[in-house]
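Following: one structure in structure tokens, then a few remarks.
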Amino acid sequence: MSQLIIRNVRIAGMAACVPSRVEENLSLPIFKDESEAKKVMASTGIERRRVVQLGTTASDLTVVAVHRILTDLSWKISEVDCLIYVCTSRDFIAPQTACILQNRLGLRNDCYVMDLPLGCSGWIYGISVIGSLMSHGSFKKGLLVAAETNSINRNSKDRTVKPLFGDAATVTAFEYDASFGKPFNFVFGVDGSGYQAVWTKYGGMRYPTTVEAVVEKEIEPGIVRRGTDMIVNGMDVFAFAIKTPPHSLKELIEAYHINVDEIDYLYLHQANKFIDEKIRKSVKIPIGKVPYCLEDFGNVTSASIPLTMVTRTAEALCNKKNHCLACGFGVGLAWASMEFNVDNIVVSELVEY
């Protein structure tokens, strides 16, 4: 079991930006009829999603979210020492989007910036990276972005992915604070043998984009894809998700001697309501302590946990101390679980692009 403890760092604030465009799953043309749409909505828990307009990227949403949290925290952009950008739908293959954001945001030239191309577990992995950078005090203020524009490489004619994924950008602001007595505790895991459970075959160096790869093909009725589109092998994902995340959370609870009765919130990656309920029940956390936002936003991969925090538990996070657990799992296959505390932070109102 891979463990990590990070001290002397606290969450100072959070913000999120979503596209203004709303897609209702009930009205998607990929379903045969309304009854089929309702069946999918009932099993996934996803009723609608936010989707970007053509030409909008995750970095565009990010700029809006970052400006909002800096304003609400009364931070100057010149005070930010590091920025970690968790995203798989980056602007270009090269350079890394974090470099472009340095310029767009006006970050200092000596600011530490880095892309972290992780999916559904990315927010927790991102905290492990930015927390490690900041825990010694060299960096005083940092920003962790978890953003994704999933709709861009999910084919709108593929009923296995279209009703599931939405777009969003979130930013979590961190401060060095040697007096903050609560550490971030982690466990991590990866199983690369399952990399084809959620993957995009073409567009990288193993399978470069070809003319044929961008031609749509009907796989079966209701499933049309290009080689550059994301593929989700549902049965493989389901088998992984109902087994591995519960085990990861139990490892976390045992390793750090956590009393689950004292937990205020368990934040799960918003994959699928049925899967998440299986995970919740496995660790015996009451349903009222496990917030969901997937009904309104769908699966926004690395942004799903912070988006849930911003849209569902902002009042509690702003006004009291909260003892929390989180678990992210998916693309890789990779997963991570975390124990953390949130103490009277700033949570910005959700903004639209």
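Every number here is computed from the coordinates shown, using simple stated rules; none is lab data. Bear in mind that the values here come from a model prediction, so they are computed numbers and not experimental data. Glycine also receives a Cβ, built like all others from the backbone with ideal geometry; neighbour counts cover every protein chain displayed.
Listed by chain and number, the lysines placed with their C-alpha closer than 29 angstrom to that of Lys250 are Lys182, Lys273, Lys278, Lys281, Lys284, Lys289, Lys320, Lys321; residues fewer than eight positions away on the same chain are left out. Spin-label pair Lys278-Val22: with each label point 7 Å from Cα along the Cα-Cβ axis, the two points sit 3.1 nm from one another.
If you take the Cα centroid of the stretch 300-353 and the Cα centroid of the stretch 156-174, the two points sit 16 Å apart. Ignoring aspartates and glutamates fewer than eight residues from Lys201 along the same chain, the ones with Cα atoms less than 12 angstrom from its Cα are Asp229. Comparing Ala213, Val171, Ser193 along the charge dipole axis of the stretch 167-309, the residue lying farthest to the positive side is Ser193, per the Cβ-charge model. Note on Lys32: lysines with a C-alpha under 22 Å away, same-chain residues under 8 apart excluded, are Lys157, Lys162, Lys217.
Suppose only helical runs count, i.e. DSSP H with n ≥ 4. What mean residue ellipticity at 222 nm does that imply for the chain under -39500 (n - 2.57) per run, divided by all residues and rounded to the nearest 500 deg cm²/dmol?
Numbers: 10 runs with 98 residues, N = 353.
One gets -8000 deg cm²/dmol as the mean residue ellipticity at 222 nm.
Given the C-alpha centroids of the stretch 251-288 and the stretch 99-142, what is the distance between them in whole angstrom? The stretch 251-288 and the stretch 99-142 have Cα centres separated by 27 Å.
At a 10 angstrom cut-off on C-beta neighbours, averaged per residue, how do the peptides 102-113, 81-92 rank from highest to lowest?
Working: 102-113: 14.8, 81-92: 22.7.
Highest mean packing first, the order is 81-92, 102-113.
In the chain, a dipole from Cβ-located charges (positive for Lys and Arg, negative for Asp and Glu) runs towards its positive end, and of Pro19, Val346, Ala94 it is Ala94 whose Cα lies farthest in that direction. Of the two radii for the chain, the radius of gyration is 0.95 times the Kirkwood radius, both from the alpha carbons; that is the Rg over Rh value.
Karplus-derived 3J(HN,Hα) values for the stretch 326-334, using 6.51 cos²θ - 1.76 cosθ + 1.60 with θ = phi - 60°, are 9, 9, x, 7, x, 2, x, 6, 9 Hz; glycine and proline are entered as x.
Residues whose amide H lies under 5 Å from that of Thr200, counting only those 5 or more places away or on a different chain, are Ile231; hydrogens are built 1.01 Å from N in the peptide plane.
From Cα pairs below 8 angstrom and at least 6 apart in sequence, can you work out the relative contact order of the chain, rounded to a whole percent?
Values: 847 pairs, mean separation 96.4, N = 353.
The value is 27 percent.
Panel order for Met41, Met205, Met309, Met134, by other beta carbons found within 10 Å of each beta carbon, from fewest to most: Met205, Met41, Met134, Met309.
For the stretch 316-349, the residues whose amide N sits under 15 Å from a probe point set 7 Å from the Cα of Ser193 along the beta carbon direction are 333-334.
Starting with the highest mean, order 14-22, 328-336, 51-59 by the number of other Cβ atoms within 10 Å, averaged over the residues of each peptide. Intermediate values should be presented prior to the final figure.
Details: 14-22: 22.9, 328-336: 25.4, 51-59: 17.3.
So the peptides 14-22, 328-336, 51-59, ranked by packing, come out 328-336, 14-22, 51-59.
Measuring from centroid to centroid over Cα atoms, what is the spacing of the stretch 19-86 and the stretch 197-227 in Å? About 24 Å separates the Cα centre of the stretch 19-86 from the one of the stretch 197-227. Peptides 262-269, 296-303 ranked from most to least packed by the mean count of surrounding Cβ atoms within 10 Å: 296-303, 262-269. Could you work out how far helix 244-255 tilts from the main Cα principal axis of the chain, as a 0 to 90 degree angle to the nearest 10? The two axes meet at around 10 degrees.
Stick to the Cα atoms of the stretch 135-189, pair each with every other, and give me the Kirkwood hydrodynamic radius in Å at one decimal. Don't skip to the end; give the middle numbers.
Values: mean 1/r = 0.0676 Å⁻¹.
Taking the inverse mean of 1/r over all distinct Cα pairs, the stretch 135-189 comes out at 14.8 Å.
Here the Karplus relation 6.51 cos²θ - 1.76 cosθ + 1.60, evaluated at θ = phi - 60°, turns the backbone of the stretch 91-107 into coupling constants of 4, 9, 4, 8, x, 5, 5, 4, 5, 5, 5, 4, 6, 5, 7, x, 5 Hz, with x for every Gly and Pro. The simple Förster model, with R0 at 35 Å and r as the Cβ-Cβ distance, assigns Glu36 and Lys201 a FRET efficiency of 0.80. Seen against the Cα atoms of the chain and their longest principal axis, helix 58-73 is set at about 30 degrees.
Basic side chains Lys and Arg get +1 at the Cβ, acidic Asp and Glu get -1 at the Cβ, and with that the dipole of the chain about its Cα centre reaches some 200 debye. For the pair Glu212 and Glu79, a Förster radius of 41 Å applied to the C-beta separation gives a FRET efficiency near 0.25, rounded to the nearest 0.05.
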